[in-house]
1. Test of understanding: extend the Cα→C-beta vector of Leu170 to 7 Å, then name every residue of segment 193-237 with backbone N under 11 Å from that spot.
2. Give me the aspartates and glutamates in straight-line cross-link reach of Lys338: C-alpha distance below 14 Å, same-chain residues under 8 apart excluded.
3. Relative contact order for the chain: what is it in percent, counting Cα pairs under 8 Å that are at least 6 residues apart?
4. Evaluate E = 1/(1 + (r/R0)^6) for Ser42 and Gln116, where r is the Cβ-Cβ distance and R0 equals 22 Å; express this FRET efficiency to the nearest 0.05.
5. Longer than 23 Å from Cα to Cα, which of Lys71/Lys111; Lys79/Lys110; Lys133/Lys244; Lys110/Lys133; Lys181/Lys312; Lys289/Lys329 are they? Say none if no pair is.
6. Helix-derived [θ] at 222 nm for the chain: sum -39500 (n - 2.57) over DSSP H runs of at least 4, divide by residue count, nearest 500?
7. Name all residues of segment 252-273 having a backbone nitrogen under 15 Å from the label point set 7 Å from the Cα of Glu299 along its Cα→Cβ direction, giving them as ranges.
8. Sticking with the crude label model, points 7 Å out along Cα→Cβ, report the distance from Ala50 to Asp316 in nm, one decimal please.
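Each reported figure results from applying straightforward, stated rules to the coordinates on display, with no laboratory input. What you see is a predicted model; the values in this text were computed from it and never measured. With ideal geometry, Cβ positions are generated from the backbone for all residues, glycine too; neighbour counts draw on all protein chains shown.
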Amino acid sequence: MVEIVIWVSALLLLTQLGLLGYLLLSKARRLKMERTIQHHYSKVLPEFLAYFHGQKEEAPAMSIPLTKKRKIIERVLDKAVDQADMELDMDRIQRTAHQHLSVTYHRHLKKGSWSQRVNALYYIEDFAMLDLKTEVWNHLNRLEQNDEEYRQALRVLAAFNDERMIPYILEQRDLSIGLVKQLLRRMHFDLHEQLIDIMTENEERVPYPLQMALITYCGEVGDRNLIPFVESLLTHVNSEVRLKAMRSLTEYRYISDPVLLFNFFHSPYWEERMYAARLTGILTLSQYKEELITLAGDEQWWVRYAACHAVKRLPDGEKLLNFTSREHKDLYARDMAKRTLTLKAGG
C-alpha cells in the first residue's frame, strides 16, 4: 500500500514538473518572439514613417516570416495612425495595410476565433481598409449575436460611409442611442442628410433611438446646416423629441427666431420651461426678462435655478435679481435670486 502511494506521488510530481517545464518553455518562446518582433519593429518603423510622410518613394522591404510580419505591420500602422497631428499619406497607409494584412483579416473574418475577428475589425477601421468593405458587410449579415463584434462591424461600415447602412439601421429597432451616435460621428454628411430627409418625410420609418441620437448629434457636432431640421422639431407632438431639439439648440447657442421659444415658458412640462430659460440666458434675450422672473417662482427647483441664472446673464441682470430678491411674491423665487446674487458676488 505504501509503495502504491509512493508511485502515485512520484507520478504526480513528475506531471507537475512536466507542466511547469512546458509553461516555462512556452513563456520563453513568447518572450523570444516578442523580442524578435520588437527588434524588427524598431528597425523598420523610421523607414515606414519616412515612406508615409512622402520622404521615401518605395515602401521598406520585409524579409520576415508571415506571422511576425503581420504583428510588426500592425504595430507600425497603429503608430502611424496615432500621429494625427502629422501629415501622413493615407493612400500609402492603406496600400501597406492591403498588401500585408488583407488576406489575413479576410481569413480571420471567415474562420478566426472571436478575438481574432474583433481585432481584425478594429484594425480594418483604424487602417481605413476599404478593400475589405464587402467582406465586413457579408460578415455583419452572418452575425447572430448583438455583441461587440456586431457593434464594431457597424462602426466599420459607418466609417466607410457604406450607403447600405441607411436601410440597415432603419430596420434595427434595438440599437442603443449611444451606439447610433457613434455611427453618426463616423458617417459623412450625405448619409446624415438621407436620414434627416427620411425622418422629415416619414418619421415612422425611423426607430425611436435613431431619432433621439440624430437630434442629439446635430447639437453636438455644431453643424449649422442642420439647425432648420432641429428647429422644425420644436413643434413635434412628442415632448421627448421637443426636449432633444431644445437641448441641441443650447449646444448650438443659437435660434433663428426667439419667438419660437415663447410657448415653452408656459409649457406643462417643467423640462421645457427649464430649457426655455436656459436658452434665453445663453442668447441674452432681454425681451423675455418678465418670463424669466415669472419662472423664478416656478414649482420646480431646476426651473427656478435656470431662470435666475438666465436673468444673471442679461445686461441688467444684477438689477433684476436684486428686484426679484426683494419684491417677488414667491418666497422660493426671492431665495433663489439671493442665492444667485451671492454666487455672482463670490465670483
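1. What the label zone holds, given the 11 Å backbone N cut-off, is 194-207.
2. Glu318, Glu327, Asp330
3. With pairs under 8 Å counted, the relative contact order is 7 percent.
4. 0.30
5. In this structure, Lys79/Lys110; Lys133/Lys244; Lys181/Lys312 lie more than 23 Å apart at Cα.
6. Computed ellipticity for the chain at 222 nm equals -23000 deg cm²/dmol.
7. The answer is 266-273, whose backbone nitrogens lie closer than 15 Å to the label point.
8. 7.2 nm
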